[in-house]
Amino acid sequence: MLLESVGEDLRTLRIVTKAYAGREGELTSVLQYVYQSVLLGQRGERELALLLQRIASDEMRHLQTVGALITRLGAPPVYTACPPYPVGYYSASCVNYARETAEMIEADIAAEERSAEAYAGMLKEMENPAAAEVVLALMKEEREHLRLLRRL
């Protein structure tokens, strides 16, 4: 991803900020997949726990990428839905704490669908080709997660 070619752009910043620490952003994805992986691992569902742990790692990389994008666009990556404003800080209440395996996977599929759709919507609004390239790569990875989860 070519973050180096992204410069300050407040319009694009407003478009991408919710993907960072918004209610359904990358931070929520990281926390939700880690929660599920730990819970399932302790219940002996090792294979599924490892898959969700791998997806959590991808989502953590996404979080870093969106944070770096926000920084390149001109704001610090504060854990709010609207950086750089230190209001509406992120809350772990955004995480889906389902305990049944089927409910977890259903929630994950729905979240990945919304994430891919959100990135697609961002691309339609963007006029910044360098930032769009970053968002497109993220959207493709979310679609891959969706494919993996649907196979379950």
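Structure notes:
- Among residues of segment 23-34 that are closer than 14 Å to Leu52 by Cα, those with a Cβ under 9 angstrom from a residue that is among the β-branched types (Val, Ile, Thr), sequence gap 6+ or separate chain, pair up as Thr28/Val95; Ser29/Ile55; Leu31/Val95; Gln32/Val95; Tyr33/Ile55.
- Considering segment 41-88, and only residues there that are of a type in the set (A, V, I, L, M) and assigned to a loop (DSSP other than H, G, I, E, B), the residue that is surrounded by the fewest Cβ atoms within 10 Å (Cβ to Cβ) turns out to be Val87.
- Filtering Ala56, Ala137 for residues that are of a type outside the set (D, E, K, R), within 27 Å of Gln36 (Cα to Cα) and within 11 Å of the chain's Cα centre (by Cα) leaves a single hit, Ala56.
- Residue check, Arg11 within 23 Å of Met122 (Cα to Cα), modelled with pLDDT of 95 or more and not hydrophobic (A, V, I, L, M, F, W, C): yes
- Selected residue [aromatic (Phe, Trp, Tyr), within 18 Å of Glu142 (Cα to Cα) and in contact (Cβ under 8 Å) with a residue 12 or more places away in the chain] from Tyr90, Tyr79, Tyr119, Tyr97: Tyr119
- If you go through segment 16-40 and keep only what is buried (at least 22 other Cβ atoms within 10 Å of the Cβ) and of a type in the set (A, V, I, L, M), you end up with Val16, Ala19, Ala21, Leu27.
The values are calculated or read from the model by the stated rules, or taken from the named source; none is laboratory data. What you see is a predicted model, and the numbers here were worked out from it, not measured in a lab. All Cβ positions, even for glycine, are placed from backbone atoms using ideal geometry, and neighbour counts span all protein chains on display.
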